[in-house]
Every structure is written in structure tokens, then in C-alpha cells.
Amino acid sequence: MNAPVIRADKLSKKFISYKKAPGIKGTVSSFFKRKPIEKYAVNNFDLTINKGEIIGLLGPNGAGKTTLMKMFTGIIVPSTGELNILGHRPSDRNLDFRRKIALVMGQKSQLWWDIPAMDSFLLLQKYYEVSEQNFKERIEEMGTILNVTSLFHIHVRKLSLGERMKLELMASLLHNPEVIFLDEPTIGLDLVAQENIRNFVKRYHEKTNCTLILTSHYMQDVLALCKRLVLIFDGKKGYDGAIGDFEKILGNNKTVNFNFSNSQNIEEDFWKQYNPLWNEDSTQVEIQVPEDEVRAVGLEVLKKYPITDFQTEKMPIERVMKTLMENPDILRNQKTP
Amino acid sequence: MKNYWLKWWQTIKVTWVKHTAYRLNFFLQIIGPGLVFFFIKYQLWSSIYRGDQQTIIGGFTLDQMIQYHVWGFLVALIAQANGSWNLSEDIRMGRISSYLIYPFQFHEYHTASFVSFQFIQLFIATFTLALIVLTQLAFLPSLYYLIQGTLFTLFISLFWFLLQYLVGILAFWLEETWIIRVIISIVSYFLSGAIIPLDLYPKWLTHILDYTPFPYLTYYPIQIFMERPVPVFQGYFVITLWMLITIFFINFVWKRGIKMYTAAGM
């Protein structure tokens, strides 16, 4: 077994900010006496990631995902704890380490705003010492797959968000990094662009077997790419395990929706056992059915009631995620594998 | 080694394009303030001399005084115009993060950006000099003094760059660094001879100033361009010492600052 690519051991990052009351009075008094507020953005975080894994790092806004990404890439220095990536300590900002990683941020452009993307590519080619031949091949290949070859010579500021994001992705992959950090790469993109980016990343991973750490609020991204999920709540690790197990965190029930051609009697005993949620005029119900009974219950309902339409839940992960965000305490009673 | 210099060369090219992306804006920003400052001084000294060509103040006739300030304008154009003041904003807005990830250091990037800026500045200065000579505001010195003055001014620009870099990275602690910039500018206007030639200052003060970087920032290069004798090697020596001191502080501030960097806004 190879050594893990990323190993974090009790990693913490503490930020200190100062409290200031509003108004002139507050400004004056804070000038003389400042009240420091310490806050752990990341707290005692352990994580081990092996080569070739794709990890979905999820959590609500402000949970510490980006802080974790910043520590992984060496941009900020951890307050305490150990971090080892590919044999390097990221905060040393060793040039060898920098050559092996890449960071893509959906919220922030890394391409030069005022010049065409090709100029940025050429600069990065020199920075990462990519050979002329290799550079041409990679640009050609990635540009064709992402369908952006015609945009190379247009000023970046004149491109749409989706176009820019594809070029950002290309720029960060030019040097064939071993570990790639994708921080909300599909944020704000239309559905087609999101799918393009997802497919591209998936293909790229299959080809290179790189290690990928992805944060996203879109569960489609996570479902399409990740096999393993790591959840972070309030700076602490909440869950770490397979995506399949995560979906069952709230039990093995499946959510099934039925539509009826007329109003139903919601007091019927049959429904009550499945924890039903009715719409106002009782023509639609959502029930929770144990996974192994879905077929039997479905058949019975279809036989007994005037069904016009029915669906089973497509993304249980989204429901689980939403429930957990609203009530993170559920995880405390769960065992993390 | 070749690969290393290619990184520099490509950065110089890219920052060149970046500097000149908004041409008119760039031109106004570079020439504008210096030109306004020059005309204020022109008016000031003309009224002090009351237009009298015979009056001599501190060894300068009115004509020579105007020439002094014309050269002062050119020196400032080459030595002080570079834009690394923006550095503090880059730190505050978290824009320096990219250069903590690329295998090309942050200070290397800024130095390369400074070099490309100086290429542009030299071009603008040459053009301005041609205009000045054509309009007979000042006279072209001999080639020897012209080269010596230009080299010395470029050397000074390196010191200005380091000083601006140092002030810029104070942004790790300070919300705004403009107040320090303003203080440095005002102090240097007075002590470098940018407003009043140092010949008019008391002897004891200029003796003290000789150990500081100030007289070499404006007064010395002007004197060289005006073909007046000044101890140039003393200038190189004192400025080299100050550069070393500045580099020491840059290292000191950077090492501490980067530990506090939070990369806000990314």
C-alpha cells in the first residue's frame, strides 16, 4: 500500500478578529481597548486521502471548507496540527510541492483579467516548465474537449462565466498536477456548462488517476464525481465515508411520491405507517418506504388508488444533506466508518 | 537555468501587456501628477524670482532653477512612477494567493513587473526628453552625463521599488497603507530637493542628509544631468546600504506577515 497522498492530523486554524461597537463611540473605544474574538475555522481535523481518490468535501457556508483548502494548498499556515501532502508540508511553500498541485476556484479568477487566456497559458507553461510539445498537445486536447479553442485569443474579461471557468480549468491542469483542489468549480454556471465541466473532470481523472478534492453545493457534482464524502460542520469533521452509506444515514427508507386523479382520505391506516406528507387538496402524497418494500408497496398503491403519476427520489443525498445542515446533531449519534 | 530566466522573461512580457492594456489611463496616471507638480513649482519659482533673469538664489538663476525642475520631473518619471503601491490592496483582497501556489515567487513576480514597467518608463522619458529639448526648456547634457545620470536614476528607481514593496507588505497588519505612502512622499519631496534645491538648505542639514537616502533620490541625479560635480560613488554606496537595510526589513515583515495572511475573499 502506498503512503497516503494527503494526511492531516489534528489540523486546526484559529482566526482572531476584534469586536467593535457601531458608531464613532465604538471606533474610539475600540482604538484603546480591543476585544479579541477567537474562532476556530477548522478544529482538530483528521483526514487521510489515498492516490487516485476523488473526495467530496461538503458543508454549509462558513463551515471551514475553504479554510481547509487554503491550508492544503499552502496559502495559509495552520495554527496547530500536522499536514503532509505528497511528502511536503504545504505551509513551507516548497517549489517542488507547488509544481505537484493545482487549485481551481469558481469564485475567483486566476487568469489575468486584461489579457487573452493564451498569454496566461504561456506564462504558466514557463512557470511549470512544460515542454513546448507537451504544452501544444495539452492545449489542443483540452481545448477541443471543452470546445473553447476559439476563445484562446479573446480578452478574459470579455468572456462569459462558463467560458472563463473552462479556461481556468485548463490553466490549472497544464502542468499535469498530482493533486487537484476544486473549490466550487461549477458555481453560478448554467446546467449545460456544469455538466461539461463535470464530464471533463471525470474524464481527466480516469485518464490520469490524479487525486481530486472537490467542494461544491451542487449534489449533482458530488454524485457524478465522488465515491467518498467528507463533511465539515463548524470546523469539525462530521462524516467521512462512502457516498452510498451517506445516503442511508437517515435510515434505509426511500421517498416515493404519488399523484392521484382526485382527493384521497388522508386518515386511512394504510398511509399512516409510511409517514405521509400530503398536499393541501390531498391529491399528492410523499411517503417513506423501507428500501426492500418499495416494489410491493408500489404495486399495491397502483392497484388500489387512482394514480396518475409517481416518482421515487432521484437524489436521496440532497435530502440527507439538507436534513443534516438543518440539524447537524444527527451526526453525533452516527458512527463514522 | 535557462528555464528560470524564461519564467522572468515571460512575466516581463505579460506584465508589459497588462501595464499597457488601458493605454490612455496609463499615460495619464504616469505623466499627469508629475506634470501638475512641475507647473506648480514653475509658478512658485517664477514668482519668487519675479521673472528677473539676473537674480541668483542658492547659485541658481531663474533659468537654471527651471531647468533644475525640468530634470526633477524626468527623474521622478523614471525613478518613482512604478505601481507596486497596489501591492497592499492585493494583500488585503487576497489577490496574492496565486503567487503562493505558482512555482514562481511573489517577490520575483513583482520584480519582473517592475522591470517591464521601467522599460515603458524609459521609453516615455525619452519621448518627454525629446519634447523638452525641442521646446528648449532644458539643454541636452553630453553623452557621458546623460548615460551616467540615467544609470544613477535607474539605480534609484530600484531603491524606490524596494521601499514601496516594504510599505506594500505592511498591509498584512494595516488596513490601509496610503497614509504611510503620503508621509514618505511629503518627507522625500522636501528632503530630496524635489521642491527646493538642497543648495538652499543649511550646511549642517545637508551633511546629515548625506547619510540618508534622500539627497540621492532627486538632487544628485538632477545635478548629474545638469553637469554639476557630485560624488556619484558615494551615492551608489549610501543607496546600496539603504537597499540592504530595506531588503532586511522586507524579509522580516514578509516572514511574519505571511503567517498571518488569511487570503480573505477567496
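The values are calculated or read from the model by the stated rules, or taken from the named source; none is laboratory data. Bear in mind the structure is a predicted one, so any value in this text is a computation, not a measurement. Ideal geometry is used to build each Cβ from the backbone, glycine not excepted, and the neighbour counts take in all protein chains shown. Only protein heavy atoms, including side chains, enter the accessible area calculation; ligands, DNA and RNA are left aside. Shrake-Rupley method; radii C 1.70, N 1.55, O 1.52, S 1.80 Å.
Computed from backbone phi with θ = phi - 60° and the Karplus coefficients 6.51, -1.76 and 1.60, the 3J(HN,Hα) list for the range A:265-277 is 7, 7, 8, 4, 5, 3, 6, 4, 5, 10, 6, x, 10 Hz; x is used for glycine and proline. The portion of the accessible surface of chain B made up by carbon and sulfur, rounded to a whole percent, is 70 (1.4 Å probe; DNA, RNA and ligands excluded). Dipole size of the range A:6-247 about its Cα centre, with +1 on Lys/Arg Cβ and -1 on Asp/Glu Cβ: approximately 1300 debye, rounded to the nearest 20.
Count charges around A:K14 for me, please; just the other residues with Cβ under 15 Å from its Cβ, Lys/Arg as +1, Asp/Glu as -1. Overall, the nearby charge balance is +4. Taking label positions 7 Å along the Cα-Cβ direction at both A:E82 and A:K248, the computed distance is 3.5 nm, reported to one decimal.
Computed from the Cβ-Cβ distance with R0 of 60 Å, the FRET efficiency linking B:T212 to A:E326 stands at 0.40. Gain on full extension, evaluated as 0.36 nm per residue between A:V294 and A:K158 minus their Cα-Cα distance, stands at 43.8 nm.
Spin-label model, A:V192 to A:V28: label points 7 Å out along the Cα-to-beta-carbon direction sit 6.1 nm apart. Separation of the range A:115-142 from the range A:154-181 is 11 Å, based on Cα centroids.
Efficiency by 1/(1 + (r/R0)^6): what FRET value for A:A224 and A:D309, r their Cβ-Cβ distance, R0 = 25 Å, to the nearest 0.05?
On the way: r = 27 Å, r/R0 = 1.06.
Efficiency, rounded to the nearest 0.05: 0.40.
State, in square angstrom and to the nearest 100, the accessible area buried between chains A and B, both chains counted, probe radius 1.4 Å.
Details: alone 18630 and 14880 Å², together 30550 Å².
For chain A against chain B, roughly 3000 Å² becomes buried.
Among the residues of A:113-126, the average count of other protein chain beta-carbon atoms within 10 Å of the residue beta-carbon is 4. When the Cα positions of B:F117, B:I48, B:A79 are compared along the charge dipole of the range B:16-124, B:F117 comes out farthest toward the positive end, with charges on each C-beta of Lys, Arg, Asp and Glu.
Considering only B:R92, B:R228, B:R181, the Gaussian network model of chain B with Cα springs below 10 Å gives its largest mean-square fluctuation to B:R228.
With n ≥ 4 as the cut-off for DSSP H runs, can you work out [θ] at 222 nm for chain A, using -39500 (n - 2.57) per run divided by the number of residues, rounded to the nearest 500?
Working: 12 runs with 119 residues, N = 337.
Rounded to the nearest 500, the figure is -10500 deg cm²/dmol.
Taken along the Cα-to-beta-carbon direction at a fixed 7 Å, the label points for A:N209 and A:R7 span 2.1 nm.
What does the structure give for B:99-112 when I average, per residue, the other chain Cβ atoms found within 10 Å of the residue Cβ? List each step's numbers first, then the result.
On the way: counts 2, 10, 13, 9, 13, 7, 3, 1, 0, 0, 2, 0, 0, 0.
Per-residue shielding by partner chains comes out at 4.
Between amide H atoms placed 1.01 Å from N, distances below 5 Å from B:T20 occur with no residue 5 or more places distant or on a separate chain. 3J(HN,Hα) along the range A:38-44, derived from phi through the Karplus expression 6.51 cos²θ - 1.76 cosθ + 1.60 where θ = phi - 60°, amounts to 9, 9, 7, 7, 9, 9, 6 Hz, with x in place of Gly and Pro. The lysines whose alpha-carbon is closer than 21 Å to the alpha-carbon of A:K70, local same-chain residues fewer than 8 away aside, are A:K10, A:K13, A:K14, A:K39, A:K51, A:K100, A:K108, A:K236, A:K237, B:K255, B:K259. The range A:202-240 and the range B:161-188 have Cα centres separated by 43 Å. Over chain B, with a Gaussian network built from C-alpha contacts below 10 Å, which listed residue (B:I48, B:I78, B:I132) shows the highest mean-square fluctuation? Highest fluctuation of the listed residues: B:I48.
Taking amide hydrogens as placed 1.01 Å from N in the peptide plane, the amide H of A:D240 sits under 5 Å from those of A:L231, each at least 5 positions away in sequence or on another chain. Using Cα centres only, tell me the gap between the range A:286-324 and the range B:211-266 in whole Å. Value for the Cα centre distance between the two parts: 73 Å.
List the relative contact order of chain A as a percent without decimals, with contacts defined as Cα pairs under 8 Å and 6+ residues apart. Walk me through the intermediate numbers first.
Details: 546 pairs, mean separation 61.0, N = 337.
The normalised contact order for chain A reaches 18 percent.
Rounded to the nearest whole Hz, the Karplus-based 3J(HN,Hα) values (6.51 cos²θ - 1.76 cosθ + 1.60, θ = phi - 60°) of the range B:110-120 follow the sequence 5, 5, 4, 4, 5, 4, 5, 4, 5, 4, 5, with x at glycine and proline. Build a GNM of chain B with springs between Cα atoms under 10 Å apart, and of B:I196, B:I66, B:I180 the one that fluctuates most is B:I180. Over the protein assembly as shown, accessible surface divided per residue gives 51 Å², non-protein components excluded, 1.4 Å probe.
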